[in-house]
1. Give the residues of the range B:216-242 that are surrounded by fewer than 22 Cβ atoms within 10 Å (Cβ to Cβ) and small (G, A, S), sorted by residue number.
2. Anything in the range A:228-263 that is out of contact with any His (no Cβ under 7 Å at 6 or more places or on another chain), modelled with pLDDT under 95 and on the phi > 0 side of the Ramachandran plot? List them, or say none.
3. Only one residue in A:S213, A:S247, A:S194 is surrounded by fewer than 20 Cβ atoms within 10 Å (Cβ to Cβ) and either farther than 27 Å from B:D25 by Cβ or in contact (Cβ under 8 Å) with a residue 40 or more places away in the chain (or both), so which one is that?
4. Of all residues in the range A:80-100 being part of a strand (DSSP E or B) and either touching a Pro at 6+ places or on another chain (Cβ under 7 Å) or within 21 Å of A:R37 (Cα to Cα) (or both), which is nearest to the other protein chains (Cβ to nearest Cβ)?
5. Among the numbered criteria (1) free of Cβ contacts under 8 Å to residues at least 24 places away in the same chain; (2) at positive phi, which single criterion is violated by B:Q220?
6. Among (1) surrounded by fewer than 20 Cβ atoms within 10 Å (Cβ to Cβ); (2) at the interface with another protein chain (Cβ under 9 Å from one of its Cβ atoms), there is one condition A:N132 misses while meeting the rest; what is its number?
7. If you check A:L126 against the conditions, is it in a strand (DSSP E or B), within 30 Å of B:L44 (Cβ to Cβ) and more than 7 Å from chain B (Cβ to nearest Cβ)?
Number of protein chains: 2
Amino acid sequence: MENQFLRWLLPQIKREHRLEVPPGDDAAVLRAPGGKRTVVTTDLLTEFIDFRFSSSKDDQEFPPTATAYQVGRKAIAVNLSDLAAMAATPEAVVVSVALPRQNGRTIADELFKGIIEELEAFNTTLAGGDTNAWDGPLVISVTAIGSVSPWDCWRRNTAEPGDLLVVTGPLGGSLLGRHLNVTPRCHEALAIASKFQVHAAIDISDGLAIDCSRLMSASQTGAIIDIESVPIHTDAVSLSELKCNSSLTPIQHALQDGEDFELLLAIPPDDAHAFVGGDPQKLVPQTTMQPRIVGAVTEKIELLGRTADGQTQPLEPKGFEHAFT
Amino acid sequence: MENQFLRWLLPQIKREHRLEVPPGDDAAVLRAPGGKRTVVTTDLLTEFIDFRFSSSKDDQEFPPTATAYQVGRKAIAVNLSDLAAMAATPEAVVVSVALPRQNGRTIADELFKGIIEELEAFNTTLAGGDTNAWDGPLVISVTAIGSVSPWDCWRRNTAEPGDLLVVTGPLGGSLLGRHLNVTPRCHEALAIASKFQVHAAIDISDGLAIDCSRLMSASQTGAIIDIESVPIHTDAVSLSELKCNSSLTPIQHALQDGEDFELLLAIPPDDAHAFVGGDPQKLVPQTTMQPRIVGAVTEKIELLGRTADGQTQPLEPKGFEHAFT
């Protein structure tokens, strides 16, 4: 029952100075950090689209199987990744779930273990939620709230021709498992923002090509991606060798696969070189970030791929998109 | 497709001074009103539990059929009702949806027509969202963000013995249609907060008895409800005559039915009498509010019902609760 579940859950939420009114009231009240803006983002995950439990009856290959604990961590991580893409500090989340009636309590317990662990890893608090049961599969919706100074916020629509495009790590093949072990680049974003000028940013959630096209479209600019410079994750190579998922090459996986949750940044050349040439560990201790320059922002509104021989051709903005009619 | 839908939706969202970064980026950025706190609440609605489309195949009586437009309005209204219960001013919402793949676009268009209309009625802005498609029924999750001065915020845990309990309107039978035409008491809450001392508040979403028990439990107090004083909605009488839903009497409907979305307020006696004795229309022009005193907060932690002859007996905290195992 809902009440019993909440009696299990609520004591696990630490008393937080940030929460003037903690969970359990009609709404939570956050103490706003002085002079900062409130940043808000939301992402919803559904069973069979974003994850699949091993007990699921269908035997499709994708999405791969996950535990409720992993789903909980991921649901938080993908929202924190959006805050990172704004250079915002995570403050709090609210979590709504639609639980299957059967086994819902077990799922909810595991789910919230993952949620609480991921929140603690990023010093973020659970500010509230809504627990529903129904005869359908698991749905989880998270809204994350962050804070940012008005002058520190990264946006999508402010890339400038001449900026270099930087990704924070190798791309592709996340379906082999990384998509369930997402590291949002929150610490990295704040450290980068404090040291370097970043004109625009987006997190790579649906694929480098499509997310780059979104960044460029918002900025009313174009981009050239140096295909040879795109860092290819070893998972992209492995997935290509498995020949599933329509037999893409490793670079195609790196360009089109979603759920890498690295950042794509438009940075003026001097700062881009300083950032990429520096030691990531000095910027953020123990970071797994590996920044690489992958291209440049151009005036002409088109997305191009450039091969090692200098030839360019249009780059299709492929990636994950929800299809409905 | 997701992109086409967003191209239809986004131009309908007015440029808003409150949104420093509008929808379309990784997250929205809200300009915080000076010195105020951020209030956040979330509610998720699912097809077959909270609403049913007339095309739904099953022929159950409940939940009654609704249009996607009504679902959109309701999803916003129930969240605004939680902000009203905190005496907070609505500022913005984010909306996540899981759309059925078939007919999803038509549903989304109708849904967001309702969402936008309801938001405009309460001077609230759409700050972002997440559009998903899947092979399941419609799920909609809304997170509402409001603002409140720290000293104006109503809470659940601050009712005091001796306070009178006031409801803002007649209760029961909302299933006959009012549950799809919810009027959140936002304007009323702000007006009441500006004129009268209110010690504690909750919105009646799951039923007077259960929501009163939540208010008392949070405040570590008890309450006596004067059964004869509880205003019974004409819908509660009609529903009782229909003899469906386990044949409750009108007063049982008034005590146990959910989705009235009136406020239950704990108010010191002088202010309670002044509020209830005054003209609601002078407080909020054109309000439908009809405040009534229904009982009192007591020191002893128990929920009692008192009949006209002065007899008291325990009042079961019945109401809607999500069941799962």
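1. Those that are surrounded by fewer than 22 Cβ atoms within 10 Å (Cβ to Cβ) and small (G, A, S): B:S217, B:A218, B:G222, B:S229, B:S238, B:S240.
2. Result: A:K243, A:N245, A:S246, A:S247.
3. Values: A:S213 fails: surrounded by fewer than 20 Cβ atoms within 10 Å (Cβ to Cβ); A:S194 fails: either farther than 27 Å from B:D25 by Cβ or in contact (Cβ under 8 Å) with a residue 40 or more places away in the chain (or both).
That would be A:S247, the only listed residue that is surrounded by fewer than 20 Cβ atoms within 10 Å (Cβ to Cβ) and either farther than 27 Å from B:D25 by Cβ or in contact (Cβ under 8 Å) with a residue 40 or more places away in the chain (or both).
4. Of all residues in the range A:80-100, those part of a strand (DSSP E or B) come to A:89-100.
Those still in the list that are either touching a Pro at 6+ places or on another chain (Cβ under 7 Å) or within 21 Å of A:R37 (Cα to Cα) (or both) too: A:89-94, A:100.
Details: A:T89: 12, A:P90: 11, A:E91: 9, A:A92: 7, A:V93: 9, A:V94: 4, A:P100: 7 Å.
My answer is A:V94.
5. All conditions pass for B:Q220, except number (1).
6. Single failed check for A:N132: (1).
7. Values: in a strand (DSSP E or B): yes; within 30 Å of B:L44 (Cβ to Cβ): yes; more than 7 Å from chain B (Cβ to nearest Cβ): yes.
Against the criterion (in a strand (DSSP E or B), within 30 Å of B:L44 (Cβ to Cβ) and more than 7 Å from chain B (Cβ to nearest Cβ)), A:L126 qualifies.
Rundown of residues vs (1) within 18 Å of A:R214 (Cα to Cα); (2) touching a strand residue (DSSP E or B) at 6+ places or on another chain (Cβ under 9 Å), yes/no style:
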{"site": "A:I232", "(1), (2)": "no, yes"}
{"site": "A:V237", "(1), (2)": "no, no"}
{"site": "A:A254", "(1), (2)": "yes, yes"}
{"site": "A:E262", "(1), (2)": "yes, yes"}
{"site": "A:I267", "(1), (2)": "yes, yes"}
{"site": "A:D270", "(1), (2)": "no, no"}
{"site": "A:P280", "(1), (2)": "no, no"}
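The values are calculated or read from the model by the stated rules, or taken from the named source; none is laboratory data. Note that the structure is predicted; figures quoted are calculated from it, not measured. Glycine also receives a Cβ, built like all others from the backbone with ideal geometry; neighbour counts cover every protein chain displayed.
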